[in-house]
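Derivation of every value follows stated rules applied to the coordinates shown; laboratory data play no part. Nothing here was measured: the structure is a model prediction, and the numbers come from that model. Positions of Cβ are backbone-derived with ideal geometry, glycine not excepted, and every protein chain shown enters the neighbour counts.
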């Protein structure tokens, strides 16, 4: 399969899953604010954003498997960077919360932070790896 | 690792995109290999050698 087709197939899953994630998160927050949902209802509807994230992971997994070796390396570096950011925040702030009564950080925010770190890492790594283009 | 990919490609009048299509890799990959920022795997090196009808060691050198 052509690299363009692979990218196209990835975005066909990535964009809708992110839309579902955002709608799911805002929808649940809205429903909770207006007390349309509570208790077990919240737990059940929390599956919507989780489903969207798992769908994105599946698309990302397939995307990385199908890319050529060079682009795969860039993707893997970006994933590792995002993972390092998330784990560093979770480990350091989590420890401070436990031992130093640091203000509580909702773990929900690790997801958007992870996505932002992943996106930024992709852009920066691609820029660094590609350097000065030598196509004539 | 030094390589003659750019020269071999130019001899045939191929763009990076065309060579990428022939090898089933992206244009960025060809760009990175030619720019010596990325060393291809052994299977890709074999594929490149086969496409140009040369030995791997004639295209790539340490």
Practice prompt. Averaging sequence separations of C-alpha pairs under 8 Å and six or more residues apart, then dividing by the length of segment A:68-136, give the relative contact order as a whole percent.
Written response: 48 percent
Fill in: Relative contact order [Cα under 8 Å, 6+ residues apart], chain A, whole percent
24 percent
Practice prompt. Extending each Cα 7 Å along its Cβ direction at residue A:109 and residue A:93, get the distance between those two points in nm, one decimal.
Written response: 0.4 nm
Worksheet item: Using the alpha-carbon atoms, what tilt in degrees (0 to 90, nearest 10) does helix A:47-66 show relative to the longest principal axis of chain A?
Response: 10 degrees
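Taking the Cβ-Cβ separation of residue A:50 and residue A:127 as r and a Förster radius of 30 Å, what is the calculated FRET efficiency to the nearest 0.05? Before the final figure, lay out each step's value.
Working: r = 33 Å, r/R0 = 1.09.
With a Förster radius of 30 Å, E is 0.40.
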Discussion item. Between residue A:34 and residue A:116, what's the calculated FRET efficiency when r is the beta-carbon distance and R0 is 25 Å? Round to 0.05.
Written reply: 0.30
Practice prompt. Classify chain A as rounded, prolate or oblate, taking a ≥ b ≥ c as the square roots of the eigenvalues of its Cα gyration tensor: rounded when a/c is under 1.5, otherwise prolate if a/b is larger than b/c and oblate if not.
Written response: oblate
Item to complete: Report, in whole Å, the centroid distance computed from the Cα atoms of segment B:5-62 and segment A:6-21.
Response: 31 Å
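With the contact rule set at Cα under 8 Å and sequence spacing of 6 or more, what percent relative contact order holds for segment A:17-56?
Working: 29 pairs, mean separation 25.3, N = 40.
After rounding, I find 63 percent.
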Worksheet item: Using Cα atoms only, what is the angle between the long axis of helix A:110-130 and the major principal axis of chain A, expressed in degrees (0 to 90) to the nearest 10?
Response: 10 degrees
